[in-house]
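Visitor: To start, I am sharing the structure in question, which I have written as structure tokens.
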Amino acid sequence: MFLEGLASGDSFTITQRLGPGATGCRLDPNGLVEAVSHLALQIDQHVDMIFLNRFGKGEEDGQGFRPVIEQAFVLNIPTLIVVRETYLQAWRQFCGDEYTALSADKDDIIKWYDGFARLQEIRESA
């Protein structure tokens with residue numbers, strides 16, 4: 001598996017080879033840290049929106065992309081992220097009521113982003 005920065009085009013391998021017959025988690029913690037660090041730097045250079053593949057076990061434990069999600073929240077950057085039912089309680093503990101549940105429908109996502117952008121314009125003009 002790899003992650004790709006849509007803005008930069010950079011890609012990061014986040015799995016490790018465990019050898020034949022291995023049954024453990026293939027996630028490469030070092031590869032993930034590298035990807036998270038790169039994304040955090042990109043956010044500091046201003047981005048319009050962040051897409052993340054999921055809020056999962058690592059984020060529940062305070063690792064993974066959690067620092068990026070926190071940084072996006074502080075900087076008021078809209079972040080689109082998938083949260084499976086398994087992690088919904090951890091997600092709610094993490095962000096309280098500061099989220100909008102969306103369907104996977106493209107039009108719903110566009111409406112959400114447009115509403116967020118309008119709110120930003122209002123805040124900046126005040």
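The values are calculated or read from the model by the stated rules, or taken from the named source; none is laboratory data. Computed from a predicted model, the values in this text were never measured in an experiment. Cβ atoms come from the backbone with ideal geometry, glycine included; neighbour counts cover every protein chain shown.
Visitor: So which residues in segment 78-98 are of a type outside the set (A, V, I, L, M) and assigned to a helix (DSSP H, G or I)?
Guide: Hits for segment 78-98 are GLU85, THR86, TYR87, GLN89, TRP91, ARG92, GLN93, PHE94, CYS95.
Visitor: Given the conditions (1) at pLDDT 90 or above; (2) farther than 26 Å from ILE110 by Cα, and given that THR13 satisfies all but one, which numbered condition is not satisfied?
Guide: For THR13, the exception is condition (1).
Visitor: With respect to GLY62, determine if the residue is modelled with pLDDT of 90 or more and either more than 24 Å from GLU124 (Cβ to Cβ) or touching a Phe, Trp or Tyr at 6+ places or on another chain (Cβ under 9 Å) (or both).
Guide: Yes: the conditions hold for GLY62.
Visitor: Let me ask something else. Show the residue pairs meeting these rules: Cβ distance below 8 Å; 6+ apart or different chains; first residue within segment 92-121 and closer than 24 Å to GLU59 by Cα and among the aliphatic types (A, V, I, L, M); second residue at pLDDT 90 or above and not in a helix (DSSP H, G or I).
Guide: Short answer, once both residue conditions are applied: LEU102/LEU80; ILE109/LEU80; ILE109/LEU102.
Visitor: Kindly indicate whether GLY96 is more than 21 Å from LEU3 (Cβ to Cβ) and either touching an Asp or Glu at 6+ places or on another chain (Cβ under 9 Å) or among the small types (Gly, Ala, Ser) (or both).
Guide: Yes: the conditions hold for GLY96.
Visitor: Which residue is nearest to the chain's Cα centre (by Cα), if the candidates are limited to segment 10-36 and must be closer than 23 Å to TRP91 by Cβ and either touching a residue at least 60 places away in the same chain (Cβ under 8 Å) or not in a strand (DSSP E or B) (or both)?
Guide: Selected residue: VAL36.
Visitor: Could you tell me how many of the residues in segment 20-55 are surrounded by 17 or more Cβ atoms within 10 Å (Cβ to Cβ), at pLDDT 85 or above and in contact with a Ser or Thr (Cβ under 9 Å, 6 or more places away or on another chain)?
Guide: Result for segment 20-55: 2.
Visitor: So, in segment 70-99, exactly how many residues are closer than 16 Å to VAL33 by Cβ and in contact with a helix residue (DSSP H, G or I) (Cβ under 7 Å, 6 or more places away or on another chain)?
Guide: Final tally of qualifying residues: 1.
Visitor: Hey, another quick one. For segment 99-118, what are the residues that are surrounded by 10 or more Cβ atoms within 10 Å (Cβ to Cβ) and either among the small types (Gly, Ala, Ser) or assigned to a strand (DSSP E or B) (or both)?
Guide: Hits for segment 99-118 are GLY115, ALA117.
Visitor: Going through segment 42-71 one residue at a time, which ones are under 9 Å from the mean Cα position of the chain (by Cα) and part of a helix (DSSP H, G or I)?
Guide: Within segment 42-71, ARG66, VAL68, ILE69 meet the criteria.
Visitor: Kindly evaluate ASP61 against the criterion of being out of contact with any helix residue (DSSP H, G or I) (no Cβ under 7 Å at 6 or more places or on another chain) and more than 27 Å from ASP10 (Cα to Cα).
Guide: no
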